[in-house]
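**Student:** Just dropping this structure here.
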Amino acid sequence: QVQVVESGGGLVQPGGSLRLSCAVSGSIFSIYRMTWYRQAPGKQRELVAGITSGGSTNYADSVKGRFTISRDVAKNTVFLQMHSVQPEDTAVYYCNARASSPYFVEYEYWGRGTQVTVSS
């Protein structure tokens with residue numbers, strides 16, 4: 001019943017910008033971390049950026065200074081603001097949400113992904 005929906009992907013030229021959104025609905029447990037991952041064809045899925053319920057963030061070295069992750073806690077939504085995108089940023093971007101129950105059991109939810117293509 002939990003839905004994770006990414007949006008905002010598309011075609012962008014090198015050096016351009018776009019913003020991805022991820023909305024999570026239906027979770028009955030508190031979401032303590034939301035993370036953007038990406039996967040290019042033939043490559044392993046990699047972490048792009050993450051943000052915790054406390055506001056702590058982390059980024060892959062390859063996107064530091066170019067991407068910014070933010071969140072709207074009330075709406076269970078996270079954003080990935082992408083600037084100065086490069087062809088190597090081309091990938092399907094997935095949103096991951098992690099939640100925990102009062103029994104400290106963790107749950108993980110994945111979106112279906114949104115395609116980002118950086119090309120001239």
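**Student:** Sort 92-99, 51-58 for me by packing, meaning the mean count of neighbouring Cβ atoms within 10 Å per residue, highest on top.
**Tutor:** Ranked by mean Cβ neighbours within 10 Å, highest first: 92-99, 51-58.
**Student:** Hey, can you rank 101-108, 15-22, 43-50 by average C-beta count inside 10 Å, highest first?
**Tutor:** 15-22, 43-50, 101-108
**Student:** Calculate the spin-label point distance for F29 paired with T52, positioning each point 7 Å from the Cα along the beta-carbon direction, and give it in nanometres.
**Tutor:** For T52 paired with F29, the spin-label model returns 1.7 nm.
**Student:** Let me ask something else about it. Could you please state how large a percent of the accessible area of the chain is carbon and sulfur, counting protein chains only and using a 1.4 Å probe?
**Tutor:** On the way: 3210 of 6680 Å².
C and S fraction of accessible area: 48 percent.
**Student:** Hey, another quick one. Kindly report the accessible area of segment 1-99 per residue (heavy atoms of protein chains, probe 1.4 Å, no ligands, DNA or RNA), in Å².
**Tutor:** Value for segment 1-99: 51 Å² per residue.
The values are calculated or read from the model by the stated rules, or taken from the named source; none is laboratory data. Computed from a predicted structure; not experimentally measured. Quick reminder, even Gly has a Cβ in these numbers, built from the backbone with ideal geometry, and neighbours come from all protein chains shown. Each accessible area value is taken on the protein alone, full model and side chains, heavy atoms only, with ligands, DNA and RNA left out. Shrake-Rupley method; radii C 1.70, N 1.55, O 1.52, S 1.80 Å.
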